Amino acid sequence: MPSRCHAIADDLRHQISSGHFKPGERLPSEFQLATRYTVSTSTLRSALALLQGEGLVEKIHGNGNFVRRPLRRITYTGGAAAPAPWTAFSAPLQVTARTANIKAPSHLTTLLGVPPRTPLTEILFTTHEGKAPHGLAYTYVPHDFAPAAPPLPEQIAADRRPPPSEVRERVSARLPTQEEATVLRISSSLAVLSLIRVATDAAGRVVEAALLVLPGDRADALFTARVAEERSPKA
């Protein structure tokens, strides 16, 4: 016999699929739903968490729970051909940027090859499709390579960085932090693609490090390796 929270999730799922609750529509408050189903608020939240994990419902902090609009899957193509990580997607997305000056914390010193507390510029790019957040990109640049002014979202790295000689990317899957889940409006149980991108110049110096966070229900990563064709020696 299904648990009470699963039964509630089934009923709400049916109301969403039948069109009773439409994409973008706000669900009744958690208190109202708990009263309707005669359960505790914690049980009701467990049922909503199931639907959030399925991508049917998104919780917007301070506003409530909404039926999620269908989102396109996008593909991160990456590689040195992409001038910046937020441009390496298969579909154009809206971008907002927030810039801050920080001292390199321990987890970035190894990544960038700099001493602890080295001055860095941190640029947080948030990509959107309409009003729905699609991904995060934390970009870190040493101060001597940083833009003189915060970049506009429509600009691509108009700064003092030399073109990268090598770009290394590493992808893993993990659960989001609570802050990432809140910003991306996803369940904390939904896996994200965590991509670390490090660009170095011809001298081997790191000119940029980017940490991308892409929800697993709407993003893929594609990497293509070109293999040189071997030619048979002439007789």
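Details
- Near Glu30, once Lys and Arg are set to +1 and Asp and Glu to -1 for all other residues with Cβ below 11 Å from its Cβ, the sum equals +3.
- Estimated Rh, the chain: Kirkwood, alpha-carbon pairs, angstrom: 20.2 Å
- Distance between the 7 Å Cα→Cβ label points at Ser188 and Ser40: 1.7 nm.
- Helix 41-53 vs. the chain, principal-axis angle (Cα, 0 to 90°, nearest 10): 50 degrees
- Volume of the Cα convex hull of region 4-67, divided per residue and given in Å³: 75 Å³
- Per-residue ³J(HN,Hα) for region 176-181, Karplus 6.51 cos²θ - 1.76 cosθ + 1.60, θ = phi - 60°, Hz, x for Gly and Pro: x, 5, 4, 5, 5, 4
- What the Cβ-Cβ distance of Gln178 and Lys103 gives, at R0 = 25 Å and to the nearest 0.05, is a FRET efficiency of 0.55.
- Label-point separation, Leu222 to Lys131 (7 Å along Cα→Cβ), nm: 3.1 nm
- Note on region 30-113: along the principal axes its Cα atoms extend 56, 33, 20 Å, ordered by decreasing extent.
- For region 193-209, backbone phi angles converted through the Karplus equation (6.51, -1.76, 1.60; θ = phi - 60°) give residue-by-residue couplings of 7, 10, 10, 9, 10, 10, 10, 10, 8, 5, 8, x, 7, 6, 9, 6, 10 Hz, Gly and Pro being listed as x.
- Between region 87-103 and region 173-213, the Cα center-to-center distance that results, in Å: 12 Å
- For the chain, the longest principal axis of the C-alpha atoms and the axis of helix 4-17 are separated by about 80°.
- For Phe21, the amide hydrogen comes within under 5 Å of the amide hydrogens of Ile16, counting only partners 5 or more places away or on other chains and with H modelled in the peptide plane.
- Amide H partners (placed H, <5 Å) of Thr75, local residues excluded: Ser90, Ala91, Asp220
- Residue order, fewest to most beta carbons within 10 Å, for Leu195, Leu27: Leu27, Leu195
Every number here is computed from the coordinates shown, using simple stated rules; none is lab data. Here the structure is a predicted model, which means the values were calculated and not measured. No Cβ is skipped: glycine too gets one built from the backbone with ideal geometry, and neighbour counts run over all protein chains shown.
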